[in-house]
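The values are calculated or read from the model by the stated rules, or taken from the named source; none is laboratory data. From a predicted model like this one, the values you see are computed outputs, not experimental measurements. Neighbour counts run over all protein chains shown; Cβ positions are idealised from the backbone, glycine included. Side chains included, ligands, DNA and RNA excluded: accessible areas come from the protein's heavy atoms. Shrake-Rupley method; radii C 1.70, N 1.55, O 1.52, S 1.80 Å.
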Amino acid sequence: MGSLGKDAAAAAAERVVLAVNGARHEAAGVDPSTTLLEFLRTRTPVRGPKLGCGEGGCGACVVVISKYNPATDEVSEHSASSCLTLVGSLNHCSVTTSEGIGNTRHGYHPVQQRLAGFHASQCGFCTPGMCMSIFSALVKADKPDGPAPPTGFSKLTCSEAEHAVSGNLCRCTGYRPILDTCKSFAADVDLEDLGLNSFWKKGSDRADVGKLPEYFSGAVCTFPEFLKSEIKGQMNDIPVPAAIAGQDGWYHPKSIDELHSLFDSNWFDENSVKIVASNTGAGVYKDQDLYDKYIDIQGIPELSVIDRSSKGVEIGAAVSISKAIEVFSDGTPVFTKIAGHLSKVASPFVRNTATVGGNVIMAQRLQFPSDIATVLLAAGSTVTVQTASKMLRLTLDEFLEQPPCDAKTILLSIFVPDWGSDNVIFETSRASPRPFGNAVSFVNSAFLARTSGQLVIEDICLAFGAYGVDHATRARKVEEFLKGKSVSAAVILEAVQLLKDVISPSEGTTHPEYRVSLAVSFLFSFLSSLGNNLNEPANAIAPNGSCANGSEKHGTLGSDDLPVRSRQELVFSDEYQPVGKPITKAGAELQASGEAVYVDDIPAPKYCLYGAFIYSTQPHAHVKSVNFRSSLASEKVITVISAKDIPVGGKNIGSGFRMLGEEALFGDPVSEFAGQNIGIVIAETQKYAYMAAKQAVIEYSTEKLEPPILTIEDAIQHNSYFQTPPFLAPRPVGDIDQGMSQADHKILSGEVKLESQYYFYMETQTALAIPDEDNCITVYSSTQLPEITQNVVADCLGIPYHNVRIITRRVGGGFGGKGLKSTHVACASAVAAFKLQRPVRMYLDRKTDTIMAGGRHPMKAKYSVGFKSDGTLTALHVDLGINAGISPDLSPLIPGHTISSLKKYNWGALAFDIKLCKTNVSSKSAVRAPGDVQGSFIAEAIIEHVASALGADTNAVRSTGAGRRQLNGSMAGTGGRSAAFRACRSPTR
Ligand code: FES
Ligand code: FES
């Protein structure tokens, strides 16, 4: 392609051209807020990347993005979360998805074959994302420099392989088989360590790389030649001013001046224009409305600078976190520590696009609990900031202290001084729910100390963040105290005491004491090791502050040191052949390639509309009106479906289980719990429906209504219960009075409380309803109970069962949550489709799904237990309260399951009083081992209580109780759960 004139170049600049699995696509005319994931799934045949969370937190949507540099003729690749990446930022990029590396027609890629062969895919919803994370790690490791790996392997190391999928969630399989797949490519793996697989029979066959699907690096072309030519052809085009080229809603300024001229445009409004570099911040701070204009600042050279000098490192604000890790890794100990800490921020596929500057700006503007800000603060960083009128150089401390900067203030770069390695000690710490993979810290810290040759702290910087504070701060009081001192036990003690006053989580922060104690322990560890490093005579400092003798160093185990390895020991028997034979799951490769079709993968039928729930935020209130606030998203509302749209002859039912009860589809006229469906917003796309539903303003009234019943205690006070049918009621064992009289000891008032738990299936609730001729309807539903879905949809629409066709090919995880909970979504789609006579699809966003889902039953067990001095249990009485929520759902099955699980131990006599509480909370339903988990937990808590009362070993009491369980058997007295369950499920007509 030759060079273009100005007009043609302007037209070309408006188009986003990208390659998807080698095919050319143009994204002209798409809504500017379109993500890559939406684009791939709605504008191309690609279905491998899935929507799991929409916030960069699960990895289901991971793809590989490749960029071409025509000046060097080099291609660079990185993994990215397509749910956050905006398609407008991908001009001249190439996107590779799981279908692109291997598929049914052209043969599977060894990553896909090995995922299947190591049994690493169950529901398969996470598998294409896993596949692309592993593929990306292989591409990165197998760059042509360095010695070639042994045949069949890549240059990946086991350690790199273990981190390849950090941030990719799997809710079904367990990570060992997935990690085995990753490690099977690593040159330093011992193949014998890998677990059960279908390539060799463990225990009898020799593990051999030749038995694995063959791997050649570079076998997949990630950047097509046509796109290279197109890029080269446009190299000499006349640059088009951003303001002219941005007619599709995307503006790509190439300089600070150009950026300012956009800010000065009459259309610029910081509420409707979004300034983006990578858009990963949208994973944390969700867009509350649609934007119709985006300014992409990645093309401004000052923001991409990487300048390494003897004074330090200058990093442009738009440099990705992954790139910064690379830069810092190759430096002094302080830089290396910074790199190490940055590697724990988010996940590889987020770090590859998320920028250092974006992270710091979120900390400054939005109080984001940033690890990066804390670490850079301790390292004495400065920032360069461009305001409308001037360029400022500030310390990071000063910058963070300023009032939140406005949208027109641009962070240009961050400078981190080089501290050298003499007499400088730098440590960073973080505590978070998970060591790797998208977990915000409870507390983070970074400490830098400069010591004199005389073993004295000359200067020290102690930075803490994320503990419930607006931004990372320095503990100056403690710093002042420590300056000029040499570290001793007394100094450490005083320093940590001082710190306790400094670390003060703001009101409303969760676990405040825990956070303070973490901060104290970080400082204690640092000062202790500093004492060791300074070679104090008493160099080991005991946790109580006193100095211990000896030379043992007070070490800490970092999360890097945590073993990710596991070993699988197997005992084989041919007795029940072929049971026990490792057989590859049918369809596992199809799942890995992304070709397996889930409900949302079914192409949208012609005239398809999309729905999103408006849910109540009140537990018990009249819904007086639903309106929409004035916004761009509200303009997308086509209609709202409510209870009045249920056809004549139908009924307001969203779920129901024979003999147990029903639940309404709409909270009408009274919302009976927070999270209840009030209406369904219908729009042209799923994104519009989500965003429009957020604009709903609901007016409530609680006039003449009783206060809501929310807890087990409230329900007991108000006698608010569901009944358990006699055939499901568990049976007691023995004579409780007699059992108690045989006891040497008694605990008369023990209590165990359990909260709820969310299902967290990777695929949220979804359905596609298509109206058919003659009052019929077809519903594709991601359900675990298709026959019940058929019954409920028919009842809701008031049509015969045979008019409803339910199709379920597979679900992306269910765990009980796609039982009765899925029928609401099927019914909602069906009512909308029936009313509008157009196909209607619903795919719940993660937040709505979590709020409406219900989840596991909270319980409260009060117990009295009798036991002998040798640990023999003689009697147990339990008062069990079960919070069932607003409808019976499957709750009447829970008492039987709970008591059955409790009977894993022989309690001697067992009696109970169970209250199945009806409350104004979302209905609780079956969740993986429903009732059994709670029963087991309660049983273990009681056993521990008994052991502690006896001062005995808990396992000894367990064995005493468990050893005799045959006497009353774990299933005795339940009436046979499975039979009861089957009885409930038999159809009524
Ligand atoms: Fe994109 Fe979860 S990370 S959907
Ligand atoms: Fe990983 Fe189901 S197989 S989420």
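Amide H to amide H, with H built 1.01 Å from N, I678 comes under 5 Å of I614, Y615, S616, G667, counting only residues 5 or more places away or on other chains. Cross-link check: pairs K821/K903; K753/K903; K847/K924 evaluated at a Cα-Cα cut-off of 22 Å; pairs beyond the cut-off: K821/K903.
For segment 301-547, the alpha-carbon radius of gyration amounts to 1.00 times the rule-of-thumb value 2.2 N^0.38 Å expected for a compact globular protein. Applying the criteria of a DSSP loop state and at most 11 other Cβ atoms within 10 Å to the chymotrypsin sites (Phe, Trp or Tyr not before Pro) of segment 586-684 yields Y607.
Across segment 284-291, computed HN-Hα scalar couplings (Karplus, 6.51 cos²θ - 1.76 cosθ + 1.60, θ = phi - 60°) run 9, 10, 5, 4, 9, 8, 6, 10 Hz from first to last residue, x flagging Gly and Pro. Counted without the sites themselves, the longest stretch of the chain free of GluC sites (Glu not before Pro) in a DSSP loop having at most 11 other beta carbon atoms within 10 Å is 271-506. Positive contributions from Lys and Arg (+1) and negative ones from Asp and Glu (-1), summed over other residues with Cβ under 11 Å from the Cβ of E458, come out at +2. Less than 5 angstrom separates the built amide H of S413 from those of A317, T384, all sequence-distant by 5 or more or on a different chain. When ligands, DNA and RNA are left out and all protein chains stay put, how many square angstrom of accessible area per residue does the chain have with a 1.4 Å probe? Accessible area per residue, the chain: 41 Å². Taking the protein heavy atoms of segment 1-155 in the context of the full set of protein chains, the accessible area attributed to carbon and sulfur is 51 percent at 1.4 Å. When only Cα pairs below 8 angstrom with a gap of at least 6 residues are kept, segment 28-129 shows a relative contact order of 32 percent.
Just to confirm my numbers, what's the Cα centroid distance between segment 618-642 and segment 204-233 in Å? So the two Cα centres are separated by 50 Å. Per-atom-type breakdown for segment 723-789 gives carbon and sulfur 47% of the accessible area (1.4 Å probe, protein chains only). Computed over the alpha carbons of segment 339-480, Rg followed by Dmax gives 15.4, 49 Å. The HN-Hα couplings worked out from phi for segment 153-161 by the Karplus form 6.51 cos²θ - 1.76 cosθ + 1.60 (θ = phi - 60°) are 10, 9, 7, 4, 9, 4, 5, 5, 4 Hz, whole numbers, x standing for Gly and Pro.
For segment 301-547, lysine pairs with C-alpha atoms less than 23 angstrom apart, excluding pairs fewer than eight positions apart on the same chain, total 10.
When a 1.4 Å probe is rolled over the protein heavy atoms, the share of accessible surface on segment 301-547 that falls to carbon and sulfur comes to 52 percent. Couplings 3J(HN,Hα) of segment 678-694, computed from phi: 10, x, 10, 7, 10, 9, 6, 9, 5, 4, 4, 5, 4, 5, 5, 4, 5 Hz, in residue order, whole Hz [Karplus 6.51 cos²θ - 1.76 cosθ + 1.60, θ = phi - 60°; x for Gly and Pro]. Kindly provide the helix-only [θ] at 222 nm of the chain, computed as the sum of -39,500 (n - 2.57) over DSSP H runs of four or more divided by all residues, to the nearest 500 deg cm²/dmol? Per the formula, -8000 deg cm²/dmol. For trypsin sites (Lys or Arg not before Pro), the sites in segment 339-395 that DSSP calls loop and that have at most 15 other Cβ atoms within 10 Å are K390. When the charge dipole of the chain is built from unit charges on Cβ atoms (+1 for Lys and Arg, -1 for Asp and Glu) and taken about the Cα centre, the candidate among A939, S634, T44 whose Cα reaches farthest toward its positive end is A939.
Let a ≥ b ≥ c be the square roots of the eigenvalues of the Cα gyration tensor of segment 755-826; is it rounded (a/c under 1.5), or, if not, prolate (a/b larger than b/c) or oblate? Note, shape of segment 755-826 comes out prolate. For the chain, the relative contact order is 10 percent, taking Cα pairs closer than 8 Å that sit 6 or more residues apart in sequence and dividing their mean separation by the residue count.
The Kirkwood radius of the chain, taken over pairs of alpha-carbon atoms, gives through the Stokes-Einstein law at 20 °C and 1.002 mPa s a diffusion coefficient of 68 µm² s⁻¹.
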